[in-house]
Amino acid sequence: MKTPSFLQRLFFSPLLLVFWCAIFFVNPVKAFSEVSLEYQVKAVYLYKLLKFTNWEETNTSTEERFLTIGIFGDSPLIEGLSELKAKNPDFNPKIIRLDSVEKLPTLNVLFISESENFNQKKIIDALGGKPVLICGEEENFLENGGMINFLLQDGKVRFDINLRELKISGIKLSSRALRAANRVIK
């Protein structure tokens, strides 16, 4: 009886056969999240910040009513929020992608992606002081009227808060959220 060669043993061993099938027939990339870690963290930060947000106009917190989160422009945050929503039954917002300033629906939160850097001032102005928590991810976002800016510093996601714009819109953040911020503009 002929002994199997090294290659035959390598390719036909039962354990290795399972391994080769997994490599060729199962897409291992699908096993991992398709959303980058940065946007997973931004989604979690946004979720946590919403727990500390109160819209003065309706005198309710986010936990007491239905949330609508709009994502303006191309951003992986929409997938990050969708993943978070699927994993957390307490978090059930309506998440919509927006691409037109003229058709802005009623929102609680608006996230302006960095793909809309040149339009962010126009988008913020289109809200006209409505009680919408406006979030973004661009260096000058707070100076252009944004309220919460997510940024990457030293490989970590941080957030800054523009307290002045929050007060103008009638939105309140708890002191816990303010203490967690990297920077607060008063």
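So here's what we get for this one:
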read-out: Subset of region 71-90 (residues that are outside any helix (DSSP H, G or I) and at pLDDT 90 or above); value: Ile71, Phe72, Gly73, Asp74, Ser75, Pro76, Asn88
read-out: Qualifying residue in region 137-151 (condition: outside any loop (DSSP other than H, G, I, E, B), in contact with a Ser or Thr (Cβ under 9 Å, 6 or more places away or on another chain), surrounded by 20 or more Cβ atoms within 10 Å (Cβ to Cβ) and of a type in the set (Val, Ile, Thr)); value: no
read-out: Among (1) in a strand (DSSP E or B); (2) in contact with a helix residue (DSSP H, G or I) (Cβ under 8 Å, 6 or more places away or on another chain); (3) farther than 17 Å from Lys48 by Cα, the one test that Lys130 misses; value: (1)
read-out: Residue match in region 24-33 (condition: at pLDDT 50 or above, surrounded by 10 or more Cβ atoms within 10 Å (Cβ to Cβ) and within 16 Å of Cys135 (Cβ to Cβ)); value: no
read-out: Hey, Gly145 at pLDDT 90 or above and out of contact with any strand residue (DSSP E or B) (no Cβ under 6 Å at 6 or more places or on another chain) or not; value: yes
read-out: Single residue of Leu127, Leu166 found to be in the same structural domain as Pro93 (by TED's automatic domain parsing), surrounded by fewer than 20 Cβ atoms within 10 Å (Cβ to Cβ) and farther than 14 Å from Tyr45 by Cα; value: Leu127
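The values are calculated or read from the model by the stated rules, or taken from the named source; none is laboratory data. Keep in mind the model is a prediction, meaning the values are calculated, not measured. Glycine also receives a Cβ, built like all others from the backbone with ideal geometry; neighbour counts cover every protein chain displayed.
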